[in-house]
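Reviewing the structure listed below.
The values are calculated or read from the model by the stated rules, or taken from the named source; none is laboratory data. Just so you know, these numbers come straight off a predicted model, no measurement behind them. Ideal geometry is used to build each Cβ from the backbone, glycine not excepted, and the neighbour counts take in all protein chains shown. The area values use the complete protein model at the heavy-atom level, side chains included, leaving out ligands, DNA and RNA. Shrake-Rupley method; radii C 1.70, N 1.55, O 1.52, S 1.80 Å.
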Amino acid sequence: MASVTYDNVFKRFGDVEVIKDMNVEIQDKEFVVFVGPSGCGKSTLLRLLAGLEEISDGQIFIGDRIVNDVPPKDRDIAMVFQSYALYPHMSVYDNMAFGLKLRRTPKEEIDRRVKEAAEILGLAHLLDRKPKALSGGQRQRVAVGRAIVREPAVFLMDEPLSNLDAKLRVSARAEISKLHKRLGTTFIYVTHDQVEAMTMGDRILVLKDGILQQIDTPRNLYEEPNNIFVAGFIGSPSMNFFDATLVGEEGNLYVDTSDFRVRVPDERRASFDGYAGKEIIFGLRPEHIHARQFAPPKIVAAPIEATVDVVELLGHELHLYLTSGQNTFVATVDTRLAPTAGQQLDLVMDMDRMHVFDKNTELSVR
């Protein structure tokens, strides 16, 4: 087992800097997810660790060993790619055993490891089949099994579920999480899907343009994002943002968007007093906007009126796309509400869950 450390790591392709001064320490046995939009550098960060790309500057440690110049095969890692890359002419058993055979592992040891991995992954009854006779989910498990038999210090997974349909992705997420707990090994997982990140990771590393935005637990990323990018990327639907001004008046502090005004809770005022009279970005998640008649008790409720543009019923929740003056936003409301497009609604915002961001730096104000 091993920790992983990125120490002032840079990666350049010609004049293009795709990883910029990365400093991250991943603990032994931790499950860390790299997440961000396409082109942010998350797969490059994984490939640098695997040795598939050369580092331009800095150092990468696996445990206490610097691996900058260590060949991929000697780094004690195993990688599962987006493409499962199974050998079509080989059985499941032979696909899983192939890497061990190349390393001249004793036959008895190969047999033990393959059968143990197959048992863990529910593949024991499929060992004689060829890949063409397997479903997408089964092929994905074979690819994971091929990594497991290596018994590596670190597992690297680069969007391994992206080829699966939505329902299968949900079950596969749970399988990989259970696998991590069972193996007790360091897992590093790359995805562009923030739902995967939130449900699987002990910690999540959020990247944008090759720059680390925040690394934290899923709960802290959701409740205390460092900046507008993290706030908007984590959570589904995304956080609502409003251009506003903080206005002090008669001992109170208000968020004023010109189309609506809501009062800041007294216990939150101290955090924002320095921004009184200044333009800010006001943030609130859709799930913290409620229909007035179904609002939870004991919230600091600020009333607002809005017109319904679009209604999306997802069964367990209702997403409303709304307009208030020049502001458009989304609310996730109680499914007992049955609004129609064009209807005016009385809503309340839970101001205990409000976020304020500096308009110039886009950093969170706390």
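Among Ala143, His125, Ile62, whose Cα lies farthest out toward the positive end of the dipole of segment 1-151, if unit charges sit on the beta carbon of Lys, Arg (+1) and Asp, Glu (-1)?
Result: His125, furthest along the dipole toward the positive end.
Report the residue, chosen from Asp94, Asp69, Asp193, that carries the largest GNM mean-square fluctuation when the chain is represented by alpha-carbon nodes joined by springs under 10 Å.
Result for the chain, Cα springs under 10 Å: Asp69 fluctuates most.
For segment 17-75, what does the relative contact order come out to in percent, with C-alpha contacts under 8 Å and a separation of six or more? Walk me through the numbers before you get to the answer.
Numbers: 34 pairs, mean separation 13.5, N = 59.
Once normalised by length, the contact order is 23 percent.
Taking the Cα atoms of segment 50-101 alone, what are Rg (to one decimal) and Dmax (as a whole number) in Å?
14.5, 42
State the percent of C-alpha pairs, over all pairs in segment 24-141, separated by a distance greater than 20 angstrom.
56
Using only the alpha carbons of segment 212-273, determine the length spanned along each of the three principal axes and report them from longest to shortest in whole angstroms.
40, 24, 18
Any chance you could check the Cα centroid distance between segment 254-290 and segment 1-56 for me, in angstrom?
Taking the Cα centre of segment 1-56 as reference, the centre of segment 254-290 is 37 Å away.
For the chain, report the % of Cα-Cα distances exceeding 26 Å.
59
Pairs to check: Lys42/Lys359; Lys115/Lys181; Lys101/Lys130; Lys11/Lys73; Lys132/Lys181; Lys20/Lys178. Give those whose C-alpha atoms are more than 24 Å from each other in this structure. Present the calculation step by step, with values, prior to reporting the outcome.
Values: Lys42/Lys359 27 Å; Lys115/Lys181 19 Å; Lys101/Lys130 18 Å; Lys11/Lys73 21 Å; Lys132/Lys181 30 Å; Lys20/Lys178 33 Å.
The answer is Lys42/Lys359; Lys132/Lys181; Lys20/Lys178.
Charges only on Cβ, +1 for Lys and Arg, -1 for Asp and Glu: so what's the dipole of segment 161-279 about the Cα centre, in debye to the nearest 20? Before the final figure, lay out each step's value.
Details: 14 positive and 18 negative charges, 162 e Å.
About 780 debye.
In segment 98-193, if every C-alpha pair distance is counted and binned at 10 Å from zero, what percent goes to each bin?
Binned Cα distances yield the sequence 14, 48, 33, 5, 0.
Please determine, in degrees from 0 to 90 and to the nearest 10, the orientation of helix 107-121 with respect to the longest principal axis defined by the Cα atoms of the chain, where the helix direction is its Cα long axis.
Its long axis makes an angle of about 30 degrees.
Across every pair of different alpha-carbon atoms, what Kirkwood hydrodynamic radius in Å does segment 274-366 reach? Don't skip to the end; give the middle numbers.
Numbers: mean 1/r = 0.0706 Å⁻¹.
Hydrodynamic radius (Kirkwood, Cα only) of segment 274-366 equals 14.2 Å.
Normalised by the number of residues in segment 163-228, what is the relative contact order in percent for Cα pairs under 8 Å and 6+ residues apart?
19
Taking Cα atoms, how many degrees apart are the long axis of helix 92-102 and the longest axis of the chain, rounded to 10 and kept between 0 and 90?
70
Between segment 96-121 and segment 128-157, how many Å separate their Cα centres?
Centre-to-centre (Cα) distance: 12 Å.
Using the charge dipole of the chain (Lys, Arg: +1 at Cβ; Asp, Glu: -1 at Cβ; taken about the Cα centre), state which of Leu337, Gln82, Ser324 has its Cα farthest towards the positive end.
Gln82
Quick check: the angle from helix 136-148's long axis to the longest principal axis of the chain, C-alpha only, nearest 10 degrees?
That works out to roughly 60 degrees.
Please report the orientation-averaged projected area of segment 98-149, defined via the convex hull of its C-alpha atoms, in nm².
So the mean shadow area of the Cα hull is 3.4 nm².
What's the magnitude of the charge dipole for segment 65-148 around its Cα centre, counting Lys and Arg as +1 and Asp and Glu as -1 at the beta-carbon? Answer in Debye, nearest 20.
180
For segment 356-364, in order, what is each residue's ³J(HN,Hα) by Karplus, 6.51 cos²θ - 1.76 cosθ + 1.60 with θ = phi - 60°, in whole Hz (x at glycine and Pro)?
Result, rounded to whole Hz: 10, 10, 5, 5, 7, 8, 6, 7, 5.
Trypsin sites (Lys or Arg not before Pro) within segment 1-105: which are DSSP loop residues with at most 11 other Cβ atoms inside 10 Å?
Listed in order of number, the matching sites are Arg103, Arg104.
Whole number in Å², please: accessible area per residue of the chain, 1.4 Å probe, ligands, DNA and RNA not counted.
Ligands and nucleic acids excluded, the figure is 47 Å² per residue.
Using a simple charge model, +1 on the beta-carbon of Lys and Arg, -1 on the beta-carbon of Asp and Glu, nothing else, what dipole does the chain show about its Cα centre, in debye to the nearest 20?
That gives a dipole near 1820 debye.
Counting only C-alpha contacts under 8 Å and six or more residues apart, can you give the relative contact order of the chain as a whole percent?
About 15 percent, as a whole number.
Using a probe of 1.4 angstrom, how much of the accessible area of the chain is carbon and sulfur, in percent? Provide the component values of the computation, followed by the final result.
Details: 8100 of 17290 Å².
So the carbon and sulfur contribution to the accessible surface is 47 percent.
Once the cut-off is 16 Å, how many percent of the Cα-Cα pairs in segment 176-240 end up in the long-distance tail?
Percent of Cα pairs beyond 16 Å in segment 176-240: 45.
Looking at segment 1-92, which GluC sites (Glu not before Pro) are DSSP coil and have at most 15 other C-beta atoms within 10 Å of their C-beta?
For GluC sites (Glu not before Pro) across segment 1-92 that sit outside H, G, I, E and B with at most 15 neighbouring Cβ atoms in 10 Å, the list reads Glu54.
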